[in-house]
Amino acid sequence: MTEDHDTERETGSGDSPHSSGDEGVRPSDRTSTPEPSEGATRDDAPASGANDGPAPPNDEPETPPGAVSAGPKEQQLHPASVPYRSLSRSVSTGSLFFFIGIVASPGGAGANLVLIGAMVVVGILVGIAYEFAYYQRFRYRLTNDTFDVASGVVSRRDREVPLRRIQNVDVRQNVLQRALGIAAVHVETAGGGATEVTLQYVDETEARRLQRRLRDGPRERTENGEFPEDEADEEDEELLFEIQPNELAILSAFTIDPGASVLATIALSFASGFDPATLIPLDFIETDLPGTGLVAIAWAVLIFAVAAWVLSAALTFTRYYGFRLTRTNGELRYERGLLQRYSGTIPLEKVQTLTIKESVPFRWFGYGSLAVETAGYAPGQSGSRGAESAVPLAEAGRVRELARSVEPVEVPDLERSPRRARERYGVRYFLVVAALVAGSYALATTTDVVVDWYVTLVLLVLVPVAAHLKWTNRGFHLGDTYFFARTGFWRRTTKIVPHYRVQSVVYNQTIFQRRRRLASVTADTASSAAFFGRAGTAYDIDHGRALEVQRTLNERLQEQLRQRKHQRVLDRLATRDWSDEPMRDEATQDERDDERSSDTEDRGSLE
Amino acid sequence: MERLDPRVRPVWLTIAVIRAGFAGGFLVGGAAIVTESTDWTGGDVRLIWAAVAVAAFVLVFRVAVAWQRYRVWRFDVREDSLYIERGVFTRIKTVVPYVRLQHVDTQRGPVERSVGLATVVIYTAGSRSADVAIPGLDPERAEELREELRRLAIESEGEDAV
């Protein structure tokens, strides 16, 4: 369970009476008993009192796009989600039965086929019935401080997500969904391993409205005691980044997509009719070149590589086509994708870490990428690739500028590791090369696959170069409010960690490091880091300095926490002054709201 | 700096012996099977002896590491953070600020229970060292530590834990 009351940077709602109730959700106060029965009706806004309450399923079989008013009314999914979900389910169950059928009856006996066909039909019908029931059962509701979802056909689940806890909201659409005008909405909080709420599927305008409302957080009352209507607020959207055609071209050309090689294998085996030999221009080889065996293998490898590369480029192109990053009051919003359209929001006050990545081919062209990491996705969560919150590629200056617009900071000159670290890398690479040489020598003496084993000795020349490059690309800096750490020659990543995001500081010293009085220090954050994988670590620094860095990181964290607390108290006093007598009523209302949200939190943690 | 309860040493030694026993059993057993199936090596008995030697080495190594681990392990409940030092080969020193504590567990494994010890596990929202365990504690001390950490975590309240 996480808490986020960063009033300091919350430009949208930080100056409101609501922030005065922040104390209500601290851990010690979470003892009040949950009141599930009241959750449904208690929070109704006066503005829409008429159409409140849980609507029976048959009242509104359809959710017209116009009816999405501000009131906490229960809403259903888009009706088109029934056929769409049925279709995707049918395809998967159908193909499952199809393959079972193929495996079970290789001879293809007629009776078996009819039976299997019947099973498939029954499976599809059951699927459609299930999807219809799912649609009928699914209700969601956006109250002023929670997002409630009731779902489930067999086992039912009521879930309430406090708006304050929401980390990311993504909207995804593929081609078919775009044609139908529907979209999937994914809501992430920091807790748990999976996506907390998935709406499959809602109307696309509704999806955008939800995204906007969910990221705005708890709603404030206006002066006349009512909650404001949804305004179509596209007005203060500031375009930060739009991918340029040349950037997209370079990105597509040089990105190696891990899925592409698998796809290429499948595509090639289909294209060749499961006989790789047909792809090789044999006549050409036979006429011109002797020793067909090796050449044929080389051809196969080449064709495979080209196919994988083309596929990889195509995948990357469709993934990042039309990438846009915009900023609306305190929130980053990105959109991308040609066939499958993704859009997501990143609340600026929830940013854990910034990562600037300059991989080798891109660095040579003067390009880099930027990742903004939040705690929204659990580590190792497979589906998170779809919503990675990064600028895939931009000119290095623009990357720095973008980083600055998220966290007001410039990457300073970094502190190098001591020279003995470079010796260490030299020794390490030397051992690798020595092992290679020994291996090839062993092969040369025992078999006749390898003859000129001493050729591998040439690699020794590379040892000092590699050690030096590794050394120069590593560094760290301990700033007043940020910790910077850089590593990697091929994929140079620079992590920018705000001190107050540090979760723990780990000092690490292997026996090899101990010999050279070196150590590594890691500033761990709650960042999911699903994309870039590494935490901010200063590698191989002097072990005395490492202890100092560790101590300082903790001190700065404590100091910043004190400052933020102080700031919150000031903010609260400021809002008290504004509200004074006439607002007393409202203060109690807020207290009640907060009590409620702490209730719902408890309920959420029970799941 | 606080040391662990010395009784944790036999616990670790027992676990080390059990694990080495399993590993050695597999090694020697595998070697025996390979030797038996004579069409492969021609039944060379030296293979079994080599496996026994490796198993013995693993046992001695694990026991030595377990012995040494106790000497390295220490922790300190500081004013604003918990400090832990551990690791025989890779020395790890962790600072966990109390603000970041998510929850604290007490665990008691079967071997630990037999000598009356407990482990306190501390969770943060971090991605790498998300859980830190302090093993080898007297149950009373474990309970006390857990309470203390809980109190300290609440005292440093007010900030988001993420």
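Tabulated data
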{"quantity": "Scan of region B:103-136 for residues that are in a helix (DSSP H, G or I) and within 14 Å of another protein chain (Cβ to nearest Cβ), ordered by number", "calculated": "none"}
{"quantity": "Condition broken by B:GLU140, with the remaining ones in (1) within 14 Å of chain A (Cβ to nearest Cβ); (2) more than 16 Å from the chain's Cα centre (by Cα); (3) acidic (Asp, Glu) satisfied", "calculated": "(1)"}
{"quantity": "Residue in region A:407-417 that is touching a helix residue (DSSP H, G or I) at 6+ places or on another chain (Cβ under 8 Å) and either in a helix (DSSP H, G or I) or of a type in the set (Phe, Trp, Tyr) (or both) present", "calculated": "no"}
{"quantity": "Selection status of B:ARG71, part of a helix (DSSP H, G or I), under 29 Å from A:LEU518 (Cβ atoms) and more than 9 Å from chain A (Cβ to nearest Cβ)", "calculated": "yes"}
{"quantity": "Selection within region A:312-338 - assigned to a helix (DSSP H, G or I) and surrounded by fewer than 19 Cβ atoms within 10 Å (Cβ to Cβ)", "calculated": "A:ALA314, A:LEU315, A:PHE317, A:THR318"}
{"quantity": "Tally of residues being in contact (Cβ under 8 Å) with a residue 12 or more places away in the chain and either in contact with a Ser or Thr (Cβ under 8 Å, 6 or more places away or on another chain) or within 10 Å of chain A (Cβ to nearest Cβ) (or both) across region B:74-85", "calculated": "6"}
{"quantity": "When residues of region A:547-567 are limited to those that are without any contact (Cβ under 8 Å) to a residue 60 or more places away in the chain and within 9 Å of chain B (Cβ to nearest Cβ), the one farthest from A:PHE512 (Cα to Cα)", "calculated": "A:LYS565"}
{"quantity": "Residue that is part of a helix (DSSP H, G or I), touching a Phe, Trp or Tyr at 6+ places or on another chain (Cβ under 6 Å) and more than 30 Å from A:VAL351 (Cα to Cα), where the choices are A:VAL433, A:VAL458, A:VAL463, A:VAL437", "calculated": "A:VAL463"}
{"quantity": "Qualifying residue in region A:366-376 (condition: more than 21 Å from the chain's Cα centre (by Cα), modelled with pLDDT of 70 or more and more than 14 Å from chain B (Cβ to nearest Cβ))", "calculated": "yes"}
{"quantity": "Restricting region A:111-144 to residues that are outside any helix (DSSP H, G or I) and hydroxyl-bearing (Ser, Thr, Tyr), the residue that is farthest from the chain's Cα centre (by Cα)", "calculated": "A:THR143"}
{"quantity": "Restricting region A:533-570 to residues that are over 27 Å from the mean Cα position of the chain (by Cα) and part of a strand (DSSP E or B), the residue that is surrounded by the fewest Cβ atoms within 10 Å (Cβ to Cβ)", "calculated": "A:ASP542"}
{"quantity": "Some residue of region B:87-102 being more than 14 Å from chain A (Cβ to nearest Cβ), within 17 Å of the chain's Cα centre (by Cα) and surrounded by 15 or more Cβ atoms within 10 Å (Cβ to Cβ)", "calculated": "no"}
{"quantity": "Residues that are touching a residue at least 60 places away in the same chain (Cβ under 8 Å) and buried (at least 23 other Cβ atoms within 10 Å of the Cβ), drawn from region A:497-515", "calculated": "A:VAL497, A:ARG501"}
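The values are calculated or read from the model by the stated rules, or taken from the named source; none is laboratory data. These figures come from a predicted structure and were not determined experimentally. Positions of Cβ are backbone-derived with ideal geometry, glycine not excepted, and every protein chain shown enters the neighbour counts.
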